[in-house]
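Each remark here refers to the structure printed beneath this line.
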Amino acid sequence: MIKKLWFLFYFLFISLAVQADMTVRTIQVTGNQRLEPFTVLSYLPFEKGDTITSEDLNAALKDLYKTGFFDDVKIDENGDTLTIHVKERPIISYIGFEGNDKIDEDVLAGEIQIKVRDVYTPTKVRGDVARLETIYRRMGLFSAKITSEVEQKDKNRVEVIFKIDEGPKNYIQDIYFKGNKHFSSSDLQEVLMSKEKRWYRFLSSTDTYDPDRLNYDKELLRRFYLRKGYVDFDIKDMVVKKDEKTGNFIITFDLNEGERYRFGTASIKVTLPDVDMKKLQKQIAFKAGAFYNADLIEETIQNITDELGRLGYAFVEVLPEFEKNNKQHIVSVVFRIKEGARVFINRIDIKGNSRTLDKVIRREFRLNEGDPFNTDKIRRSRQRIENLGYFDKVDLKTIPVSNAPDKTDVAVTVSEKSTGAFNVGVGWSTYDGLLFEVGVQERNFLGTGNIVGIVASTSGRETQVDLSYTDPYFMDMPLSAGVDVFHFTRDYTDDSSYKWKTTGAAVRFGWDYTERFRQTVKYTLQSDDVTDIEPDASIYIKEQEGKSSLSMIGEVMSYDTRDSVYNPTEGFYTSLGFDFAGLGGDNKFVRVNWNAMQYFELTERWVLSVSGTAGYIVGIAGEDVRINNRYYLGGSTLRGFEIGGVGARDKATGDSLGGDWRLTASTQLMFPLGLPSEFGIRGKLFVDAGMIGKPDGHYDWNQVDYSSKPRVSIGTGLLWQSPMGPINIDLGFPIVKEKYDEKEVFRLNFGTGF
């Protein structure tokens with residue numbers, strides 16, 4: 001307060017003392033320790049030789065204070081000489097944290113604004129104290145108290161220490177719901193990001209009290225009910241109460257669910273010329289009579305926008321208008337299409353990528369500078385940048401250009417995260433036994449977006465080493481290119497009385513025709529060795545002994561509409577592959593593989609899947625298909641049977657001989673077991689069926705058991721997405737089989753990576 005009064009008095013003194021204009025001949029600077037005099041002078045609104053007034057001196061004082069470099073500034077006038085007296089603010093030489101046991105110092109340092117070698121400003125330090133308190137609140141530590149201490153050092157330096165008293169953690173004790181008639185409280189708790197405190201959530205922070213997270217939970221509830229058709233849903237109140245005994249919080253959501261609505265009619269009104277209304281009508285993602293789903297409204301808007309974009313209309317707005325029939329509980333929708341403002345992309349600015357190259361981010365944009373602005377393409381661009389997995393946060397904003405109303409800038413700010421991974425895995429399966437795996441991968445090598453990795457694994461039956469390098473944008477084109485070098489051994493002693501070794505390399509290229517349609521081409525060169533054949537092995541196995549070489553080119557086309565690659569609940573996937581071996585080498589064959597799968601979400605967390613595969617291989621140029629290239633049926637391809645347990649088998653030795661074609665089909669139902677979703681445990685029921693053909697070559701079929709009849713099994717099991725990787729348990733029971741088939745009722749695969 002005293003400083004402010006002195007400041008006003010000084011302004012008044014200057015205004016009274018300098019009544020007339022003066023011409024400045026000399027300007028001197030005193031009191032500066034770090035800043036050079038010319039740096040101080042550069043902030044003045046006048047120079048030597050200028051004629052100045054009292055207003056100019058007032059402006060000079062304000063400009064010098066605005067820099068933030070000075071605690072005090074005085075200007076003395078003596079004739080035609082001005083003397084600038086400054087007192088510099090100290091420099092921060094050290095920033096420390098004390099008392100932080102529950103949050104790492106690196107995390108706290110990344111959240112504050114002040115940095116070492118910055119000018120010390122009390123206002124900034126107070127702001128950083130508030131930021132740190134916010135971080136602790138997000139962790140559920142609402143009792144945390146943070147203060148700052150400033151220690152003066154020589155040479156006008158200071159050390160800033162943040163003193164932290166973390167206090168006890170504040171958890172969510174209970175979450176209650178009022179007014180929910182159509183969904184149970186447990187169902188609604190699954191929707192929320194916030195969770196009640198339970199012992200098994202020790203690896204998560206979702207059970208700590210966070211007001212920001214609870215606000216997001218309100219939005220999650222709203223979206224959930226709108227997806228289920230409850231158009232009038234509303235959260236009347238959310239009450240937060242602290243239990244004084246435990247210090248934890250009790251949350252109560254008071255809901256008004258309303259009635260469930262169905263879709264009524266859906267129509268499109270458009271004023272654009274030369275638009276095929278039949279094509280637009282096909283873009284509506286719902287049918288009359290189905291339960292209302294807000295997601296389908298958004299999907300329809302996107303479909304119509306995309307279709308109009310393909311027709312050349314870059315500047316359109318699709319606005320849904322709703323008409324509710326409260327008596328019949330029907331919502332009719334009119335999609336009004338009008339031409340929007342003609343806006344173009346001016347600049348795309350990228351910030352925050354200290355490691356990742358600009359081009360790696362820029363190439364994920366679905367539009368370029370100069371292109372027409374498209375909201376959907378902006379949304380997809382952000383999604384593609386997030387999908388890179390290089391960033392903790394992606395913030396994408398559009399900023400209108402002030403002097404050009406038909407242009408807008410796109411600003412992207414990213415926060416980078418670690419993209420390297422070192423994985424060690426242990427697993428076990430009923431077939432391979434104990435498995436040990438170690439791998440190193442860098443998904444953003446030197447900031448280029450290239451992927452480099454090495455994986456080595458060993459088990460009771462198998463060893464593998466694989467080195468890989470992938471450039472997702474080869475030569476800056478939308479073309480991925482990669483190289484693999486591998487060594488692989490496999491013990492088939494129990495199945496077919498031999499071991500197999502292979503060493504080789506592959507070069508691959510892949511490209512997208514659309515967001516969902518992809519093609520990959522691959523060339524493989526490898527050396528195979530069928531070895532360690534047992535003395536009592538089948539004569540047909542002994543004929544395969546020795547080394548051979550493979551030179552093969554292949555391609556795979558895939559189409560994928562699944563909502564998730566790892567845990568799909570709806571959508572379709574299919575692929576068709578073709579291989580040709582015979583460009584040199586000993587193996588000469590043509591092979592075709594097809595597989596498809598469809599997922600249906602029957603209800604919340606109940607997912608039905610239907611899948612099928614087909615494969616056919618035939619030798620060419622007079623060559624038979626070697627045993628290591630044939631198809632086998634059983635294990636994961638036909639549960640309830642051993643690997644190679646179905647198909648041609650030597651009667652005398654029991655060795656599996658494989659086949660030249662294979663067909664499989666499976667229907668599976670995944671369902672919840674009533675456990676919390678974060679347990680990641682689901683049950684399954686399945687029906688598998690399969691057929692396999694004869695092996696190529698000359699056989700005495702009186703000495704070989706074979707039937708091309710279908711085999712069928714039914715079963716149940718568990719899938720656990722455990723912290724150590726997926727654990728799959730299957731109990732399969734053959735119901736259609738041949739007497740010589742090898743059964744496997746229990747099958748366990750225990751993850752690989754933690």
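Results, tabulated for the structure shown:
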quantity: Residue ranges of strands (runs of 3 or more DSSP E) in the range 637-752 with at least 3 members hydrophobic (A, V, I, L, M, F, W, C) and over 21 Å from Asn567 (Cα atoms); calculated: 681-692, 725-736
quantity: Test: Asp237 is at pLDDT 85 or above, more than 25 Å from Gly167 (Cβ to Cβ), touching a Lys or Arg at 6+ places or on another chain (Cβ under 8 Å) and outside any loop (DSSP other than H, G, I, E, B); calculated: no
quantity: Some residue of the range 99-109 being among the hydrophobic types (A, V, I, L, M, F, W, C), open to solvent by 30 Å² or more (accessible area, probe 1.4 Å) and in contact with a helix residue (DSSP H, G or I) (Cβ under 8 Å, 6 or more places away or on another chain); calculated: yes
quantity: Scope the range 635-665; condition open to solvent by 20 Å² or more (accessible area, probe 1.4 Å) and under 35 Å from the mean Cα position of the chain (by Cα); matching residues; calculated: Ser636, Thr637, Arg639, Ile643, Leu663, Thr664, Ala665
quantity: Failed item, numbered, when Pro273 is tested on (1) farther than 30 Å from Ser143 by Cβ; (2) touching a residue at least 12 places away in the same chain (Cβ under 8 Å); (3) not polar (S, T, N, Q); calculated: (2)
quantity: Any hit, the range 190-205, residues being closer than 30 Å to Asn325 by Cβ and either part of a helix (DSSP H, G or I) or hydroxyl-bearing (Ser, Thr, Tyr) (or both); calculated: yes
quantity: Test: residue in the range 84-93 that is open to solvent by 80 Å² or more (accessible area, probe 1.4 Å) and out of contact with any helix residue (DSSP H, G or I) (no Cβ under 6 Å at 6 or more places or on another chain); calculated: yes
quantity: Candidates Pro710, Pro695, filtered to the one that is of a type outside the set (Asp, Glu) and open to solvent by 20 Å² or more (accessible area, probe 1.4 Å); calculated: Pro710
quantity: Asn368 being within 34 Å of the chain's Cα centre (by Cα), open to solvent by 80 Å² or more (accessible area, probe 1.4 Å), farther than 30 Å from Ile235 by Cα and in contact (Cβ under 8 Å) with a residue 12 or more places away in the chain; calculated: yes
quantity: Total residues in the range 304-329, condition free of Cβ contacts under 8 Å to residues at least 40 places away in the same chain, open to solvent by 40 Å² or more (accessible area, probe 1.4 Å) and closer than 21 Å to Thr514 by Cβ; calculated: 3
quantity: Residue check for Lys737: under 25 Å from Leu608 (Cα atoms), crowded, with 16+ Cβ neighbours inside 10 Å and at pLDDT 95 or above; calculated: no
quantity: One residue from Gly389, Gly420 being of a type in the set (Gly, Ala, Ser), touching a strand residue (DSSP E or B) at 6+ places or on another chain (Cβ under 7 Å), open to solvent by less than 20 Å² (accessible area, probe 1.4 Å) and farther than 21 Å from Leu308 by Cα; calculated: Gly389
quantity: Selection within the range 666-681 - hydroxyl-bearing (Ser, Thr, Tyr) and buried (at least 16 other Cβ atoms within 10 Å of the Cβ); calculated: Ser666
quantity: Some residue of the range 340-347 being farther than 25 Å from Glu416 by Cα, at pLDDT 85 or above and open to solvent by 20 Å² or more (accessible area, probe 1.4 Å); calculated: yes
quantity: Qualifying positions in the range 250-262 - within 33 Å of the chain's Cα centre (by Cα) and open to solvent by less than 20 Å² (accessible area, probe 1.4 Å); calculated: Ile251, Phe253, Leu255, Glu257
quantity: Test: residue in the range 43-62 that is part of a helix (DSSP H, G or I), within 30 Å of Asp118 (Cβ to Cβ) and small (Gly, Ala, Ser); calculated: yes
quantity: The range 208-226, residues that are surrounded by 12 or more Cβ atoms within 10 Å (Cβ to Cβ) and free of Cβ contacts under 8 Å to residues at least 40 places away in the same chain; calculated: Leu214, Tyr216, Asp217, Lys218, Leu220, Leu221, Arg222, Phe224, Tyr225
quantity: Top-ranked residue in the range 580-627 [being aliphatic (A, V, I, L, M) and not in a strand (DSSP E or B); ranked as modelled with the lowest pLDDT]; calculated: Ala621
quantity: Near pairs, Cβ below 8 angstrom, 6+ apart or cross-chain, from the range 71-94 (closer than 14 Å to Val40 by Cβ and in contact (Cβ under 8 Å) with a residue 60 or more places away in the chain) to any residue that is open to solvent by 30 Å² or more (accessible area, probe 1.4 Å) and of a type in the set (Gly, Ala, Ser); calculated: Glu88/Gly31
quantity: The range 603-620, subset of a type in the set (A, V, I, L, M, F, W, C) and either under 12 Å from Trp661 (Cα atoms) or without any contact (Cβ under 8 Å) to a residue 12 or more places away in the chain (or both), residue least open to solvent (accessible area, probe 1.4 Å); calculated: Ile617
quantity: Residue, least open to solvent (accessible area, probe 1.4 Å), within the range 168-195, restricted to residues that are over 19 Å from Glu604 (Cβ atoms) and at pLDDT 85 or above; calculated: Ile172
quantity: Arg380 under 30 Å from Thr419 (Cβ atoms) and part of a helix (DSSP H, G or I); calculated: yes
quantity: Filter result for Ser708 (in contact (Cβ under 8 Å) with a residue 40 or more places away in the chain, under 16 Å from Val736 (Cα atoms) and among the polar types (S, T, N, Q)); calculated: no
quantity: Contacts under 8 angstrom Cβ, first residue in the range 336-359 being farther than 22 Å from Ile301 by Cβ and in a loop (DSSP other than H, G, I, E, B), partner open to solvent by 30 Å² or more (accessible area, probe 1.4 Å) and not hydrophobic (A, V, I, L, M, F, W, C), 6 or more apart; calculated: Gly352/Thr413; Gly352/Ser415; Gly352/Glu416; Asn353/Glu416; Ser354/Glu416; Arg355/Glu416; Thr356/Glu416; Leu357/Thr448
quantity: Criterion violated by Lys684 - all others in (1) open to solvent by 20 Å² or more (accessible area, probe 1.4 Å); (2) charged (D, E, K, R); (3) under 30 Å from Ser185 (Cβ atoms) satisfied; calculated: (1)
quantity: Sole exception among (1) part of a helix (DSSP H, G or I); (2) open to solvent by less than 70 Å² (accessible area, probe 1.4 Å) for Val73, by number; calculated: (1)
quantity: Any chance Gln152 is modelled with pLDDT under 90 and part of a strand (DSSP E or B); calculated: yes
quantity: Some residue of the range 22-34 being of a type outside the set (A, V, I, L, M), surrounded by 18 or more Cβ atoms within 10 Å (Cβ to Cβ) and at pLDDT 80 or above; calculated: no
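The values are calculated or read from the model by the stated rules, or taken from the named source; none is laboratory data. Small disclaimer: the values here were computed from a predicted structure and weren't measured. Heads up, the Cβs are rebuilt from the backbone with ideal geometry, glycines too, and the neighbour counts pull from every protein chain shown. Surface areas here come from the heavy atoms of the whole protein model, side chains and all, with no ligands, DNA or RNA. Shrake-Rupley method; radii C 1.70, N 1.55, O 1.52, S 1.80 Å.
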